[in-house]
There are 2 protein chains.
Amino acid sequence: MSESGTGEKTVRGQSAKAQAGRHDALADALASEIHSGALAPGEWLKQIDVEQRYSAKRMDVRRALDRLVQKRLVVHLPNRGYHVVRPDGRLAQEIRDVRVILETGAVDGILARVRGEDVAEARRLALRFESLLLDGSAIDLHDANIAFHGYLLGLCGNPELSALVRELRGRIASALAGQWQKRSRIEQSSREHLAMVDALAAGDAEALRRLIRAHILQRPE
Amino acid sequence: MSESGTGEKTVRGQSAKAQAGRHDALADALASEIHSGALAPGEWLKQIDVEQRYSAKRMDVRRALDRLVQKRLVVHLPNRGYHVVRPDGRLAQEIRDVRVILETGAVDGILARVRGEDVAEARRLALRFESLLLDGSAIDLHDANIAFHGYLLGLCGNPELSALVRELRGRIASALAGQWQKRSRIEQSSREHLAMVDALAAGDAEALRRLIRAHILQRPE
DNA sequence: ACCATCTGTATTGGCGCCAATTTTTCACAT
DNA sequence: ATGTGAAAAATTGGCGCCAATACAGATGGT
């Protein structure tokens, strides 16, 4: 097929990073709205509406929706349209279980690589989350939470694992959508964050695993 | 956005399964060719070539390529085209590590649910792989291997986990592409399959985890 | 002989229109 | 009133054309 050898014949020194197009931006925007609940579960995403709302071209709308289908955030029914995926308790539980496996599985790698300054940074992020308990919006808390967990996972030295967990987290955000309502739960989360930092500093793998499991499953051990 | 309430207003009793369109079939075909090596790493996938080779429409080609980009099987460079992803040793190792975490993490679930008939079926699949050592093509072996591992993972009762591992496996198939060349390695794989079945029958979690780790990393413990 | 620039060609990517399908509306019979 | 069926409106999805861009070859200058 197209004998240009094995490609790369005329490669210039450009960075191999594929830049995000307009459709990517639109997909991200829609994903954001779905996660935040602005687009309710089950709501139909008519192409014309999306096109006008984001002043995007029809083609970008289609691509973005197609991308969200692959991310399992929206469902596509041929000749009927796209709609936001509905929460599925069973699915959400399965994904949480996968996250427990992945994130507890990353603990050994984390502890093997963690340095003092990493612990300090993790604690800083945990404290930032705590400080936002008072005067932070739900979005702020969400972001701070993502930042903390992302940083912690990043310490394991496996970018693929981090990316995978990030994707999984995004996949169930809409399914839960109400977990951040209760203040007591958020405070509990913050305490767990700090406990995780302590376990991290102490190098206590077993404790860290226990904390992560409880944190993800949101149940006391 | 489009006040059709929360959707589902006029849902008929149809199954909610989204059927695969032409683009999906094309994407699968291309993925197959990439995995089998028919499409070499780095090779450019010109839209016209794909269009003619599979007698597909231009639009389906674009969608399929876009899908493969998301599956990380091809790389897209704007205004230049799509080409098969090149093997990346570091990435492949990261993905193998993730697989180890996931598949060893599934062991407890597997042992908790496995029944006698499941063990028998797993052994049957392992033996089928072994029998293909003599008179099976590389494709046959590949399929039998997938079938065995897929069945084993399916026993953990978490479809999401199974799907995730299947996707991860597909993501590095091209990066290795040569691991099935050495006959000795295939025979070793078959022995490991049978050892895994034995550990499964014995309910020996630790042994099963050790075998899975060695099997994925392709190194003796 | 070698390098830079320019022209021609091939390929990608965007855009608009129209057919196919579905949903809604409305008229009509029961 | 209620259910049935057909016409109308709205929406999705496909296809072809054309501009924008990159690639290859030719041309000319040093």
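The values are calculated or read from the model by the stated rules, or taken from the named source; none is laboratory data. Predicted model, so just to flag it, every value in this text is computed and none were measured. Cβ placement follows ideal geometry from the backbone for every residue including glycine, while neighbour counts extend to all protein chains displayed.
One residue stands out in the range B:48-63 among those that are within 11 Å of chain A (Cβ to nearest Cβ) and not polar (S, T, N, Q): the one that is nearest to DNA strand D (Cβ to nearest atom), namely B:Met59.
Of the residues that make up the range B:66-73, is at least one touching an Asp or Glu at 6+ places or on another chain (Cβ under 7 Å) and either at pLDDT below 95 or more than 10 Å from chain A (Cβ to nearest Cβ) (or both)? The answer is no, given that none of the residues of the range B:66-73 is touching an Asp or Glu at 6+ places or on another chain (Cβ under 7 Å) and either at pLDDT below 95 or more than 10 Å from chain A (Cβ to nearest Cβ) (or both). Scanning the range A:114-169 for residues that are basic (Lys, Arg) and either within 14 Å of chain B (Cβ to nearest Cβ) or in a loop (DSSP other than H, G, I, E, B) (or both) yields a count of 3. The residue of the range A:7-33 that is modelled with the highest pLDDT, among those that are surrounded by 14 or more Cβ atoms within 10 Å (Cβ to Cβ) and touching a Gly at 6+ places or on another chain (Cβ under 9 Å), is A:Ala31. Restricted to the range B:22-58, and to residues there that are among the basic types (Lys, Arg) and part of a helix (DSSP H, G or I), the residue that is nearest to B:Lys71 (Cα to Cα) is B:Arg22.
Residue by residue through the range B:36-83, note down the ones that are hydrophobic (A, V, I, L, M, F, W, C), over 21 Å from A:Arg63 (Cβ atoms) and more than 8 Å from DNA strand C (Cβ to nearest atom). B:Ala38, B:Leu39, B:Ala40 - these are the residues of the range B:36-83 that are hydrophobic (A, V, I, L, M, F, W, C), over 21 Å from A:Arg63 (Cβ atoms) and more than 8 Å from DNA strand C (Cβ to nearest atom).
Scanning the range B:83-106 for residues that are more than 10 Å from chain A (Cβ to nearest Cβ), over 21 Å from A:Val165 (Cβ atoms) and either charged (D, E, K, R) or crowded, with 17+ Cβ neighbours inside 10 Å (or both) yields one hit, B:Val85.
Counting only residues that are in contact with a helix residue (DSSP H, G or I) (Cβ under 6 Å, 6 or more places away or on another chain) and part of a helix (DSSP H, G or I), the range A:184-205 holds 11 of them.
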